Amino acid sequence: MSYAKEISRRRTFAIISHPDAGKTTLTEKFLLFGGAIQTAGAVKSNKIKKHATSDFMEIERQRGISVATSVMTFEYKNFLINLLDTPGHKDFAEDTYRTLTAVDSVVLVVDSVNGVEEQTRRLMEVCRMRNTPVIVFINKMDRDGKNRFDLLEEIEKELKIQLHPMTWPINSGKDFKGVYNLDAKNLLFFTANTKASDEDSLVIEDLQDSILNEKIGEKDADTLREDVGLIDGVYGKLEADDYLSGKVAPVFFGSAINNFGVKELLDTFIKIAPEPLSRETNKRIVEADEPKLCGFVFKIHANLDPRHRDRIAFMRVCSGRFERNKYYHHVRLDKEFRFSNPYSFMARSKDIIEDAYPGDVIGLFDTGNFKIGDTLTEGEDFYFTGIPSFSPEIFKELVNKDPMKTKQLEKGVTQLTDEGVAQLFTQFGGNKKIIGCVGELQFEVIQYRLLHEYGAACEFRVLPFYKACWLTSKDEKKLEEFLRFKQQNSAEDKDGNPVYLAQSEWFLNTEITNNTDIEFHFTSEIHK
Ligand code: G4P
């Protein structure tokens, strides 16, 4: 197959949702369609149950599963689909945000009963920052959900995105009869717990046709006619460019657990979702079809075996063909590396691969040379932009409990923060090490891993900060002065960038107002 064809048949995306909306279930149905798994139940949910937050075995189990299901590759109708998994637990949200930098589009699952939830909102914010094309799947239509028009309005308002219905439901809950495909103009009948097949659908070109009354009853037929009339009037035709630029999100209704509406979603997905896109670097835009290889590391995973400190770095190939055993340029270290065992991931198993193409994600065996954001090229020096760190929400001082193990502790903290488990700040003036995380669970993971993998005991002391802001200024002097004056609240991140640690929103706003020469940023691009 030609290089151009290999690229154009690839689709790299992620399914995102608030926990419990049905991401795992939908993933599984996709894999079933792609023939990557044969039976339902093969994909294990990778969420950590609430009661298990202090159960380290559970954390370990989670890590194992999430390596195996980090990237799931399957073929569907000659398309090669890379589905990147994102952790369900909100404490690992930052991992999810970074994964979103490696995809070209997303499918957002919304629970029809709960509507827009906290994680849905945050994930969409990240998609909006990058203008990522989004398809919405409204799940659990077999349950009594919100009124469909109200739900669309809620999603549009809360997620600040225009929607475009592709299918339209006939009732919900126990009265759910199916969906009308507005594009194909066919009616898909819902039967619980069965695999919807073509026999369950009926083409109805003209909704006035009396067959509609026969099939779903007069009342529901009239409602559907009315609804469709309204939708046609309001939404018109979906413009591909509006979807591709992230302005408009096509919407599907269905029930993942019943495998209903999923095929419609997948068929439209392969039709409209973008093929591997060009990407911005700090020097120039890289086109996917350029002949030379480049890619970036967006995730690093420690291996399960604590006796070996080897890790897997996940790299998204952005251009060129990746070849096993060929030397590539590690931009940050200015060193050449070759990889004899690059992995690709098929649901639940790892395979060594010979080559990979733009859009693919490969696992590179790493002994500590990679950091998130690192770039491999064939010699050129640049970094991909738009791989941000977000402000942590919980800050704690790292306290060494065993002075004999200071070296191990430092090494461990450096490596774990390279992996992106947490962010490390060092207070100006003092040498206080501050760990910032999105969730409490990460502190437990760090403490546990430092002890078990590095033999270093530590504890954490709560600090009264609520947000970290990265600071820049055209006036170097002003910035230095500010940092000196606010020593208690100033630190530098791992790359030496100055950061202001705010105690509260009030303090932050006051500083922003009083220091107009200084810019306060809520995200830091790892490489500017
Ligand atoms: P997540 O990955 O987004 O966290 O969600 P997951 O797929 O695990 O689904 C969460 C729960 O919702 C599961 O039930 C799942 O069976 C259920 N679910 C998924 N899709 C549908 C649907 O279309 N209709 C209905 N009624 N339920 C659906 P659970 O009881 O938490 O887990 P399980 O014991 O069924 O695995």
Of the candidates K478, K494, the one satisfying the condition of being surrounded by fewer than 18 Cβ atoms within 10 Å (Cβ to Cβ), more than 23 Å from the chain's Cα centre (by Cα), within 22 Å of D374 (Cβ to Cβ) and touching a residue at least 40 places away in the same chain (Cβ under 8 Å) is K494
Conditions (1) crowded, with 21+ Cβ neighbours inside 10 Å; (2) on the phi > 0 side of the Ramachandran plot -> I435 fails only (2)
Picked from region 231-252 (must be among the hydrophobic types (A, V, I, L, M, F, W, C) and within 22 Å of the chain's Cα centre (by Cα)), the residue nearest to the ligand (Cβ to nearest atom) is F252
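Yes/no per residue for (1) closer than 24 Å to T375 by Cβ; (2) touching an Asp or Glu at 6+ places or on another chain (Cβ under 7 Å); (3) surrounded by fewer than 23 Cβ atoms within 10 Å (Cβ to Cβ):
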{"position": "L84", "(1), (2), (3)": "yes, no, no"}
{"position": "V110", "(1), (2), (3)": "no, no, no"}
{"position": "V116", "(1), (2), (3)": "no, yes, yes"}
{"position": "R121", "(1), (2), (3)": "no, yes, yes"}
{"position": "E125", "(1), (2), (3)": "no, no, yes"}
When restricted to L416, L441, L424, the only residue hydrophobic (A, V, I, L, M, F, W, C) and touching a His at 6+ places or on another chain (Cβ under 9 Å) is L441
Okay, helices (runs of 4 or more DSSP H) sitting entirely in region 175-260 with 2 or more residues that are of a type outside the set (K, R) and closer than 22 Å to V113 by Cβ, I get 218-235
Residues of region 127-145 being in a helix (DSSP H, G or I) and closer than 13 Å to A14 by Cα, in sequence order, are C127
Q. Do we find that T281 is over 23 Å from L151 (Cβ atoms), among the hydroxyl-bearing types (S, T, Y) and surrounded by 13 or more Cβ atoms within 10 Å (Cβ to Cβ) in this structure?
A. yes
All-but-one check, I211 against (1) touching a residue at least 12 places away in the same chain (Cβ under 8 Å); (2) touching a strand residue (DSSP E or B) at 6+ places or on another chain (Cβ under 8 Å), failing number (1)
Selection from region 255-300 of residues in contact with a His (Cβ under 8 Å, 6 or more places away or on another chain) and within 16 Å of the ligand (Cβ to nearest atom) yields none
Given (1) touching a Lys or Arg at 6+ places or on another chain (Cβ under 9 Å); (2) touching a residue at least 12 places away in the same chain (Cβ under 8 Å), L238 misses just (1)
Of the residues in region 358-377, those that are among the aromatic types (F, W, Y) and buried (at least 21 other Cβ atoms within 10 Å of the Cβ) come to F370
Over region 127-142, the set of residues within 24 Å of F176 (Cβ to Cβ) and either within 12 Å of the ligand (Cβ to nearest atom) or surrounded by fewer than 22 Cβ atoms within 10 Å (Cβ to Cβ) (or both) is F137, I138, N139, K140, M141, D142
Next on the checklist: Can you say whether F337 is farther than 21 Å from D289 by Cβ and modelled with pLDDT under 95, as far as the supplied structure shows?
Outcome noted: no
The residue from A468, A456 that alone is in the same structural domain as T414 (by TED's automatic domain parsing), part of a loop (DSSP other than H, G, I, E, B) and touching a residue at least 24 places away in the same chain (Cβ under 8 Å) is A456
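The values are calculated or read from the model by the stated rules, or taken from the named source; none is laboratory data. Computed from a predicted model, the values in this text were never measured in an experiment. Quick reminder, even Gly has a Cβ in these numbers, built from the backbone with ideal geometry, and neighbours come from all protein chains shown.
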